[in-house]
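The block underneath contains the structure these notes are about, expressed in structure tokens.
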Amino acid sequence: MKRSEKALKIQAILDRLYPQPAVPLLHGDPFTLLVAVVLSAQTTDARVNLVTPELFRRAPTPEAMARLSEAEILGLIRTCGLAPAKAKNIRRLSQLLLERHGGHVPKDMAALEALPGVGHKTASVVMIQAFGVPAFPVDTHIHRLAARWGLSDGTTVEKTEADLKALWPPEAWAKLHLQIIYFGREYCPARGHDPKVCPICSWAGVKTRLAAEARARAAARVAASE
């Protein structure tokens, strides 16, 4: 099966399972989305959604966030991974939004990536989910699934992003980004995955990739038992 044919079949499955996927992070505008995505690095969306209601009640705008001290922000997000660094970055990016962008989140990839704690994936999420500008955010989960399914060779996240963009039209990127995330959580996790019962890996999974993952899991179990 050609890669393009595989992509169309995968898209049909994802459309059936997740016809209208919602953005999993609670937010109300581009600023709160930006902060929530910054918080989500190495932290589950569920954990982020537990801390952001109080954070955004205290500081719903860049002005209000910049008025909080780094210690105050840390106190509100302490249960998130890498909380000290994130508190510092969130306060500083809020200050820079005021200094450089009039208190608004810029609708520009380069300007977003210039903010503390904002990498390419985070900027891509904000561009496509807040502003509707075509982007295909690729996190470690999407990177892993694209390799499992043979949609990319898995060498780098940048290569995966380029390969996925080439397979689907820009108007499908926002939906597919969310669909793949939800599918990975429900059907195709990193651990405890059975390719034989997976709606996609059962027919699209790259055998060498799946075998390598199985060997890595087995080695990890042996190491843990020693």
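Here are the numbers for this structure:
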| read-out | value |
| --- | --- |
| Subset tally (residues that are at pLDDT 90 or above, in a helix (DSSP H, G or I) and either among the hydrophobic types (A, V, I, L, M, F, W, C) or open to solvent by less than 30 Å² (accessible area, probe 1.4 Å) (or both)) for segment 173-226 | 14 |
| Some residue of segment 36-51 being among the hydrophobic types (A, V, I, L, M, F, W, C), under 22 Å from His141 (Cβ atoms) and open to solvent by 50 Å² or more (accessible area, probe 1.4 Å) | yes |
| Conditions (1) more than 21 Å from the chain's Cα centre (by Cα); (2) closer than 30 Å to Thr160 by Cβ; (3) hydrophobic (A, V, I, L, M, F, W, C); number of the one not met by Cys80 | (1) |
| Count of segment 150-166 residues which are open to solvent by 40 Å² or more (accessible area, probe 1.4 Å), over 15 Å from the mean Cα position of the chain (by Cα) and of a type in the set (A, V, I, L, M, F, W, C) | 2 |
| Filtered residues of segment 107-120 (kept if under 22 Å from Glu171 (Cα atoms) and either among the hydroxyl-bearing types (Ser, Thr, Tyr) or surrounded by fewer than 20 Cβ atoms within 10 Å (Cβ to Cβ) (or both)) | Lys107, Asp108, Met109, Ala110, His120 |
| Unique residue being modelled with pLDDT of 95 or more and assigned to a loop (DSSP other than H, G, I, E, B) when the list is Leu55, Leu115, Leu93 | Leu115 |
| Residue selected from segment 86-106 under the condition out of contact with any His (no Cβ under 9 Å at 6 or more places or on another chain) and closer than 19 Å to Leu25 by Cβ, by the criterion most open to solvent (accessible area, probe 1.4 Å) | Asn89 |
| Among the residues listed as Ala83, Ala147, Ala130, Ala135, the single one being at negative phi, touching a Gly at 6+ places or on another chain (Cβ under 6 Å) and open to solvent by less than 40 Å² (accessible area, probe 1.4 Å) | Ala147 |
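The values are calculated or read from the model by the stated rules, or taken from the named source; none is laboratory data. Worth saying up front: this structure is predicted, and the values here are computed from it rather than measured. Cβ: placed from backbone, ideal geometry, glycine included. Neighbour counts: every protein chain shown. Remember, those area values only see protein heavy atoms, side chains included, never the ligands or the DNA or RNA. Shrake-Rupley method; radii C 1.70, N 1.55, O 1.52, S 1.80 Å.
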